[in-house]
Amino acid sequence: MSDAASETVASVVRELVDANHILFDQGVVDGFGHVSARHPERPDRFLLARSMAPALVTEKDVLEFDFDGNPVEAGAPAGYLERFIHGEIYRKRQDVMSVVHSHSPSVVPFSVVTGTKLRPVCHMCGFRSEKGTPIFEIRDFAGPGSDLLITSGKLGAALADTLSDGPAVLMRGHGSTVVGSTLRQAVFRAVYTEVGARLQMEAMRLGPVTYLTEGETVGTTKTISTQYDRSWFLWLKAARNSPMSQ
Ligand SMILES: [Zn+2]
């Protein structure tokens, strides 16, 4: 690999470490959950930390995987049980450059109820379909006695099918997976999926909710897509100033 290519990989790895810390500081991940980036020089591979809490990830913990979830380096430490989420989404979606999987708490209720979908209630959440975020039902693929985790390529592919061409998919009784065309967009969407779920629940307690129209989801997404760096650098500073980083 040339020096220039190495530098590109190194910069993605650095940003991926920052993304891990931001997602913890913003309450999207806890001891569990993970974020990946497509490899900048090998689009058939992705970068993801070894199995560990996101807040503790450093550059040396980031591994390279193929789409089948196999680490490229021989003797690599154990990867996340659910790394198949990432590989199968990158395989299916050429436009996706980053994937965030989390169990963020306000989102899970929307994965287990019928009749109430997670829908966009505000401009920061306009990236979601006005028809509601799809829900992946693992029983349809793993039967009634699974551990609910995406622990195989087969389950990862089924999840990617449910995600389809959208920005997010809920996973019944488990969490959600959010994608982006950049790492910063994926992090932004993961944070505002959690925030939007909280706002929708609060609004529903007050009365009938007026959701964004399809046109408003398009308009707000277009405007907000120019603003990711504004929150990224704020969240990065907050994460670096957190007691966890001392
Ligand atoms: Zn999970």
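At-a-glance table
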| quantity | calculated |
| --- | --- |
| All lysines inside 19 Å of Lys92 as judged from Cα atoms, apart from same-chain residues fewer than 8 positions distant | Lys154 |
| 0 to 90° range, to nearest 10: angle between helix 228-241 axis and the chain longest Cα axis | 70 |
| Accessible-area ranking of Leu148, Leu199, Leu155, largest first, probe 1.4 Å | Leu199, Leu148, Leu155 |
| Beta bridges by DSSP in the chain, antiparallel share as percent, to the nearest 5 | 90 |
| Mean separation of Cα contacts under 8 Å, 6 or more apart, over the residue count of the range 120-166: relative contact order % | 35 |
| Modelled label reach - Ser225, point 7 Å along Cα→Cβ, the range 91-117 residues with backbone N closer than 19 Å | 93-100 |
| Separation between Cα centres of the range 5-51 and the range 159-203, rounded to whole Å | 17 |
| Cβ-derived FRET efficiency at R0 35 Å, Asp165 paired with Ser242, nearest 0.05 | 0.50 |
| Sites Asp140 and Leu81 - FRET efficiency at Förster radius 25 Å, r taken between beta-carbons, to 0.05 | 0.80 |
| Spin-label pair Gln94/Arg14, simplified geometry with 7 Å Cα→Cβ offset, distance in nm | 3.1 |
| Computed lengthening from Glu214 to Glu41, 0.36 nm per intervening residue step minus Cα-Cα distance | 58.7 nm |
| Cross-link reach list, lysines versus Lys131, counting only Cα pairs under 21 Å and skipping chain neighbours closer than eight places | Lys117, Lys222 |
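The values are calculated or read from the model by the stated rules, or taken from the named source; none is laboratory data. All of these numbers come straight from a predicted model, not from anything done at the bench. Virtual Cβ from ideal backbone geometry, glycine too; neighbours counted across all protein chains shown. Just the protein is used for accessible areas: all its heavy atoms, side chains included, with ligands, DNA and RNA removed. Shrake-Rupley method; radii C 1.70, N 1.55, O 1.52, S 1.80 Å.
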